[in-house]
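Trainee: Sharing a structure here in structure tokens format.
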Amino acid sequence: MDLLLIEDDELLGRGIREALSQDYRVEWFRDGRQGLAALLDLAPDLAVLDLGLPGMDGLEVLREARQKGIETPILILTARDGIEDRIEGLDRGADDYLLKPFSLAELEARLRALYRRARGRSDDKLQYRDLEIDTRQRQVTLDGAPLILSRREYELLMRLIDARGQVMTRRKLEEHLYGLNEELESNALEVHIHNLRKKIGRDLIHTVRGVGYMMDRD
Amino acid sequence: MRSIRRFMLLTLLLLLSLSAMITVFWTYLHSSHEVEEVFDASLVQNAKVLHGQVIAYRQRAALQELQRSVSLERLDQAPDDDDYHSGNANDPGHPYEYQVGFQAGSLDGELWVSTPPDFPVVERVEPGFMTVGEGDNRWRLYTLRNPELGIWVRSGHRMAVRDELTGQIAAKLLLPIVVVLPGLLLLLSLGIRRGLAPLETIRQSLASRRSDDLQPLPSERLPSELVPVVGSMNDLFARVASTLDRERRFTADAAHELRTPLAALRIHLEKLRLPETQSADLMCSIDRMERVVTQLLMLARIEPQRGKVPLKPLNLSQRCCSLVAELYPKALERGLSIEFEEGADLQVAGDETLLDILLRNLIENAIRYTCAEDVIRVRLSRESDRACIEVIDHGRGIAEADRQKVLERFYREGRQSVEGAGLGLSIVVLIVELHNGELRLEETPGGGLTVRVLLPGI
């Protein structure tokens, strides 16, 4: 998989390149203009773009690339955590952003998620603990034994697995399952979670009291 | 305390009274001198007229007649001053008759004529003026001596008459001053107040501003004496503001600059994939540096906003819920869990970014200072018309004596064993202030710290 890294800091750039070189073929540019050119020419699968760059500002690179129709998923690295910066970055077509300093695991996870999202899940077989999920067939097996899940239970499970390691608030889950407009029973979500737990096992889904639910990272 | 107004008023009052007194005293002296001259002149004239009369009445019988006519009994009911002035000119007497008098006699020692009865008798006949007697009976006398004819005449009046006149003159002079002075004082006081009004305006505008407000004072329409003062103050404000600004920018820049090398440090360390035992301390240090940098940036961002954060209605319950959701994995890593108790759907007037920082700081603090397998509780409730956020942990808590100090920047109390920069709570204090809220540190029943933030509700 080709990954384009545009980062002017020598130490950080080298660190990222070396860390990622096991899973990706990393091309590294230190200058915004060269980075943009590479983005246009090499058409990499993923790009990691620093915002503070010599030659051409990161946001500028992003804007021009998107203008020229480049659809490569781009992850932005920024030292600024102002909300305005974040919104501006996402507006200009960044797919995700990561605030410096970040952990390697976080970077890898985000890149994986970006790539998966970009490719779509159509051909994916997903593995989570003892669960195997065929996202095309919407088939879930536990230790090889097929499970029969209702549509909502399946949606719920996929949402939690997608966001594994993060807490999904009840509100978000309800919105996901029912949309914004639907009136629903106050304990509808609990009922689904209860049923889901009965099928996939009690321990996979944690309850966060007063907030929502989560599944552990892999 | 010294007051310019009081000082000016007192000084002016003293000066005015002094000058009034000098005027009155001087006029009194001068007029009494003039009065004496006039009175003395009239004594001389009276004596001369009498002298002529005495020569004309030289025969003994005629002199007795003269004595009889001047000794006529006054009316039993003596008219007073007013009646006299109102024109009872036919009355044969006047109350002042006993105030003036004359004598005539021979140089042999014979006294021919004397009126009024208590006219002082002076044996020695010396020509010219003299003053005799005591108290009410002091007389001013003028003696005329005619050795050729062997006679003398003496006219005189009581000193009380002239004293009364000069006294009256002085009193009439003093009266307007005494009457006018209070009025003058009032006008002066108003005038001074009016004159000092610009000072008062400056005082009020200084008193009503926040301690961190460095806006210049208005300098238009100032009296010329105050222009340089206000000018220097505004210069000072500007200098302080720019120094503060530079300091904040420096903090922000420094923190930003630190983030990239920190990120590099972390990546290189993680890349080594060292066993937990070797990397834990290093990771811990990096975590701590990262947190300090983040908090410094927060402070740098919040401080310039003091007093000008637009507060908008926002759903506090939702913010709490999503912050707990966000931080839950962190708690989980440390073997802790967080529970969110939502009392009601609470709305407050606030700034979302700042309230997120506040909640994040409180919850992260609780995570950091709580031992494993504990539950941190985030509770939201309504307290009369305010929203109350409580973050309750069962960690070591903070001794009552230290609670105030903990809120000061960089203070770390005895908690050093667990990493922490001590900036967290001072950031919380700042944000609470910006929201006109209240922060309380309390002890959790059974041990631990309960942080209670009260925000004005809507």
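The values are calculated or read from the model by the stated rules, or taken from the named source; none is laboratory data. Quick caveat, the model's predicted, so the values are computed rather than measured. Here the Cβ is made from the backbone with ideal geometry for all residues, glycine too, and neighbour counts use every protein chain on show.
Trainee: Return a yes/no flag: does the stretch B:354-365 have any residue that is in contact (Cβ under 8 Å) with a residue 12 or more places away in the chain, away from chain A (no Cβ under 14 Å), hydrophobic (A, V, I, L, M, F, W, C) and assigned to a loop (DSSP other than H, G, I, E, B).
Mentor: Looking through the stretch B:354-365, none of the residues is in contact (Cβ under 8 Å) with a residue 12 or more places away in the chain, away from chain A (no Cβ under 14 Å), hydrophobic (A, V, I, L, M, F, W, C) and assigned to a loop (DSSP other than H, G, I, E, B).
Trainee: May I pose another question? Any chance the stretch B:208-221 includes a residue that's touching a helix residue (DSSP H, G or I) at 6+ places or on another chain (Cβ under 9 Å) and on the phi > 0 side of the Ramachandran plot?
Mentor: yes
Trainee: Out of B:210, B:249, which single residue is of a type in the set (Lys, Arg), in a helix (DSSP H, G or I) and farther than 30 Å from residue B:10 by Cβ?
Mentor: B:249
Trainee: Kindly provide the set of residues from the stretch B:302-341 that are in contact with a Gly (Cβ under 7 Å, 6 or more places away or on another chain) and farther than 19 Å from residue B:454 by Cα, ordered by number.
Mentor: B:325, B:329, B:339
Trainee: Shifting gears a bit: If you check residue B:224 against the conditions, is it part of a helix (DSSP H, G or I) and either surrounded by fewer than 19 Cβ atoms within 10 Å (Cβ to Cβ) or not assigned by TED's automatic domain parsing to the domain that holds residue B:367 (or both)?
Mentor: No; evaluated as a whole, the condition is false for this residue.
Trainee: Quick check: anything in the stretch B:256-277 β-branched (Val, Ile, Thr) and under 20 Å from residue A:98 (Cα atoms)?
Mentor: So far as the stretch B:256-277 goes, yes, one or more of its residues are β-branched (Val, Ile, Thr) and under 20 Å from residue A:98 (Cα atoms).
Trainee: Name the one entry in B:216, B:147, B:182 that is loosely packed, with under 13 Cβ neighbours inside 10 Å and farther than 18 Å from residue B:5 by Cβ.
Mentor: Only one candidate passes the filter, namely B:147.
Trainee: Further question: Within the stretch B:319-339, take every residue that is more than 54 Å from the chain's Cα centre (by Cα), in contact (Cβ under 8 Å) with a residue 40 or more places away in the chain and closer than 16 Å to residue B:361 by Cα and give me the one that is nearest to the other protein chains (Cβ to nearest Cβ).
Mentor: Here the answer is B:338.
Trainee: Among all residue pairs at least 6 apart or on different chains, which show Cβ distances below 6 Å where the first residue, located in the stretch B:373-389, is closer than 11 Å to residue A:209 by Cα and not assigned by TED's automatic domain parsing to the domain that holds residue B:330 and the second is buried (at least 21 other Cβ atoms within 10 Å of the Cβ) and modelled with pLDDT of 95 or more?
Mentor: Pairs found: none.
Trainee: Name the residues in the stretch B:1-41 that are hydroxyl-bearing (Ser, Thr, Tyr) and either without any contact (Cβ under 8 Å) to a residue 12 or more places away in the chain or touching a strand residue (DSSP E or B) at 6+ places or on another chain (Cβ under 8 Å) (or both), would you?
Mentor: Of everything in the stretch B:1-41, those that are hydroxyl-bearing (Ser, Thr, Tyr) and either without any contact (Cβ under 8 Å) to a residue 12 or more places away in the chain or touching a strand residue (DSSP E or B) at 6+ places or on another chain (Cβ under 8 Å) (or both) turn out to be B:3, B:11, B:19.
Trainee: I'd like the full set of residues that are part of a strand (DSSP E or B) and more than 43 Å from the chain's Cα centre (by Cα), limited to the stretch B:378-408.
Mentor: B:378, B:379, B:380, B:381, B:382, B:389, B:390, B:391, B:392
Trainee: Taking the criterion of being within 23 Å of residue B:338 (Cβ to Cβ) and hydrophobic (A, V, I, L, M, F, W, C), would at least one residue in the stretch A:168-182 satisfy it?
Mentor: Yes, because at least one residue in the stretch A:168-182 is within 23 Å of residue B:338 (Cβ to Cβ) and hydrophobic (A, V, I, L, M, F, W, C).
Trainee: Among the strands (runs of 3 or more DSSP E) contained in the stretch B:123-205, which hold 2 or more residues that are farther than 25 Å from residue B:28 by Cα?
Mentor: Strands (runs of 3 or more DSSP E) meeting the threshold: B:139-146, B:151-158.
Trainee: Say whether the condition of being under 17 Å from the mean Cα position of the chain (by Cα) and loosely packed, with under 15 Cβ neighbours inside 10 Å is met by at least one residue in the stretch A:126-145.
Mentor: Looking through the stretch A:126-145, at least one residue is under 17 Å from the mean Cα position of the chain (by Cα) and loosely packed, with under 15 Cβ neighbours inside 10 Å.
Trainee: For the stretch B:259-274, indicate whether the set of residues that are in a helix (DSSP H, G or I), crowded, with 19+ Cβ neighbours inside 10 Å and modelled with pLDDT under 85 is non-empty.
Mentor: Taking every residue of the stretch B:259-274 in turn, none turns out to be in a helix (DSSP H, G or I), crowded, with 19+ Cβ neighbours inside 10 Å and modelled with pLDDT under 85.
Trainee: So how many residues does the stretch A:154-175 have that are within 14 Å of chain B (Cβ to nearest Cβ) and either outside any loop (DSSP other than H, G, I, E, B) or at pLDDT 90 or above (or both)?
Mentor: 11
Trainee: Taking the stated definitions as given, is residue B:331 farther than 22 Å from residue B:438 by Cα, part of a helix (DSSP H, G or I) and in contact with a Phe, Trp or Tyr (Cβ under 9 Å, 6 or more places away or on another chain)?
Mentor: Answer is no for this residue.
Trainee: Which pairs do you get when a residue that is assigned by TED's automatic domain parsing to the domain that holds residue A:97 and farther than 19 Å from residue A:15 by Cα, found in the stretch A:53-79, comes within reach of a residue that is aromatic (Phe, Trp, Tyr) and surrounded by fewer than 22 Cβ atoms within 10 Å (Cβ to Cβ), reach meaning Cβ atoms under 8 angstrom, with the pair 6+ apart or on two chains?
Mentor: Pairs found: A:73/A:115.
Trainee: Could you check, for the stretch A:8-27, whether at least one of its residues is in contact with a Gly (Cβ under 6 Å, 6 or more places away or on another chain), crowded, with 17+ Cβ neighbours inside 10 Å and more than 13 Å from chain B (Cβ to nearest Cβ)?
Mentor: The answer is no, given that none of the residues of the stretch A:8-27 is in contact with a Gly (Cβ under 6 Å, 6 or more places away or on another chain), crowded, with 17+ Cβ neighbours inside 10 Å and more than 13 Å from chain B (Cβ to nearest Cβ).
Trainee: Does residue B:258 satisfy the condition of being among the aliphatic types (A, V, I, L, M), touching a Lys or Arg at 6+ places or on another chain (Cβ under 9 Å) and either more than 9 Å from every other protein chain (Cβ to nearest Cβ) or touching a residue at least 12 places away in the same chain (Cβ under 8 Å) (or both)?
Mentor: Spelling it out, it is not the case that residue B:258 is among the aliphatic types (A, V, I, L, M), touching a Lys or Arg at 6+ places or on another chain (Cβ under 9 Å) and either more than 9 Å from every other protein chain (Cβ to nearest Cβ) or touching a residue at least 12 places away in the same chain (Cβ under 8 Å) (or both).
Trainee: Of the conditions (1) within 13 Å of chain A (Cβ to nearest Cβ); (2) out of contact with any Phe, Trp or Tyr (no Cβ under 6 Å at 6 or more places or on another chain); (3) assigned to a helix (DSSP H, G or I), residue B:345 clears all except one; give me its number.
Mentor: Just one mismatch for residue B:345, condition (3).
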